[in-house]
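Quick note: the coordinates plus some simple rules give every number you see, no bench work behind them. Keep in mind it's a predicted model, so treat the numbers as computed, not measured. Note: ideal-geometry Cβ built from the backbone for every residue, glycine included; neighbour counts use all protein chains shown.
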């Protein structure tokens, strides 16, 4: 048998071998198509049942949510007449972090540390006055006076949270003074600043006080530097 005949036989054998493979692939695709066609009504039925269940849940819980929203709005409107000593209602994200034991147990406070440069440039009274001017007693800029009823940019820095009718409201701190919120501490040689930070941030906040404090750490343990620690509650 010559080379031409061998080539023809090899070609024919490849052709005959590929025919079963092509037929099996076609059968597989046909079976998949048939399976999809049979499962389409089932998927449609499941989608319909899920939609009906969602609508039923909405119809069941919608009156509850609407009642809560109306009650919350009613309290916001009537607090001016029923409790004139209270300010605005606490927002939702602050309510999540506020618990009844805020003045008893350690709370999720925010700690901010600022390191000042030379000790010669540091003045405690000046830092305290700057905190009062820039934050506590800051006035709204021109054009924002109507946005602040109290006339302050951050009125909550002079207020604390009280619970009334199931919700928390801000209340003016009696006899507010910066001396109750801004304090200083002397760091002796051998003391660690990180230990003071850890212990101070976990201390419960004083009751009937606005939930923020400032601690100025100075002394020989820090050399020629001063650290200002800000502790603010999430509310």
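Details
- Segments 162-171, 66-75, 47-56 sorted - mean Cβ within 10 Å per residue, highest first: 162-171, 66-75, 47-56
- Here residue 62 and residue 234 are evaluated by their C-beta separation; at R0 = 22 Å the FRET efficiency comes out at 0.15.
- Gain on full stretching of the segment that runs from residue 139 to residue 167 - 0.36 nm per residue minus C-alpha separation: 7.3 nm
- The stretch between residue 126 and residue 180 holds 17.8 nm of extra length on full extension. This uses 0.36 nm per residue minus the Cα-Cα distance.
- Extension gain, residue 193 to residue 51: 0.36 nm times the residue separation minus the Cα-Cα distance gives 45.3 nm.
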